[in-house]
Amino acid sequence: MNITSLQTFIAIVETGSLVRASQKMNVTQSTVTARLKTLEEELGQTLLNRQKSGTTLTPAGAKLLRYARVMTGLWRQARYETALPDGLSSVCTFGCDPGLWYGPGKAFFEGVTSGDPEMAVSVHQGNARDLEEWLGAGLVDVILTYDATTRGNQTVHALPPEELALYSDKPDTPIRGTGTYIFVDHGEDYRRAHGETYHDTGIARISFDSSRWALEHLLARGGSAYLPRALADPLVTQGLLHELTEAPVYLRKKNLIVNDTAEKNWRWFPPLMARLRQQG
């Protein structure tokens, strides 16, 4: 089994066909077919069901996919770290939930780059499940997430919770009963608390699971939505948004989870954590 065969397998899964995988990898279809055949022979399992409409994973293929992504990720990381240019001695690999980049994510990134001039920084965005798997597999050293699930050799550093306030493009927007309200899904705890407060307002016509997408829609079409202060307050300063202060403010937990083995070599980490806890 080699990395190229695993990369080819992943490409087939992601594109849905051998033809598109060959185009993505810039090789012939026969090469893709040969790599897949070799991989299946080594494992003694059929990994993909091939039909005219495309390919689907077999049970064995579904099991392999997770390991293939981890193995190819580790190989990519190993190549990155062993190819550091002169003047750089190490790398910090940082996984961040996209919703947390504006605020604590950027602050952590800037803290690393200023705290250790000889350290390279590699940043990856992912959802909670991806981040947890990457940290557990050693693909990243530290993650910034709303969740706090850990495994062995990991430490959770709780940060001040994210404040979710109601913002609108018009200062006199009512906090209830408006047809332009945009629901933003900030997680299970938020859904529960929001439902208790606004149980009599019905279902919003527009909903997003991304604060940034909701904000873009709000600015383009108007309306109101619950957004993180770190994202919305700069626009309040510019006069583009207005906080509806009569509405309740919700809190969402934020956590920085670090691999203990990596962290013990980071002299810059304790002072950076102190700043992050002060900044919120």
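FYI, it's all coordinate maths here, none of it is from the lab. Bear in mind the structure is a predicted one, so any value in this text is a computation, not a measurement. Reconstructed Cβ throughout: ideal geometry from the backbone, glycine too, with neighbour counts over all protein chains shown.
Using the Karplus relation 6.51 cos²θ - 1.76 cosθ + 1.60 with θ = phi - 60°, the per-residue 3J(HN,Hα) values for the stretch 205-214 come to 5, 10, 9, 9, 9, 10, 4, 5, 5, 4 Hz, with x marking Gly and Pro. Only helical runs count toward this figure. For the chain, summing -39,500 (n - 2.57) over DSSP H runs of n ≥ 4 and dividing by all residues gives -13500 deg cm²/dmol at 222 nm.
DSSP beta bridges confined to the chain are antiparallel in about 60 percent of cases. Distance from the Cα centre of the stretch 159-214 to that of the stretch 1-51, in angstrom? If we compute the Cα centre of each part, the gap is 44 Å. Run through the stretch 201-271 and list the trypsin sites (Lys or Arg not before Pro) located in a DSSP loop whose Cβ has at most 14 other Cβ atoms within 10 Å. Answer in residue order: Arg205, Lys264, Arg267. Scanning the chain for GluC sites (Glu not before Pro) lying in DSSP loops with no more than 12 further Cβ atoms inside 10 Å, the longest uninterrupted stretch between such sites is 119-245. Label positions at Ala128 and Lys170, each projected 7 Å from the Cα along the C-beta direction, are separated by 3.6 nm.
Treating the angle as unsigned and between 0 and 90°, give the value, to the nearest 10°, between the Cα long axis of helix 128-137 and the longest Cα principal axis of the chain. Helix 128-137 and the main axis of the chain meet at about 40 degrees. Farthest towards the positive end of the charge dipole of the chain, among the residues Phe183, Cys92, Asn127, is the Cα of Asn127, using unit charges on the Cβ of Lys, Arg, Asp and Glu. The relative contact order of the stretch 3-80, computed from alpha carbon pairs under 8 Å that lie at least 6 residues apart in sequence, is 32 percent.
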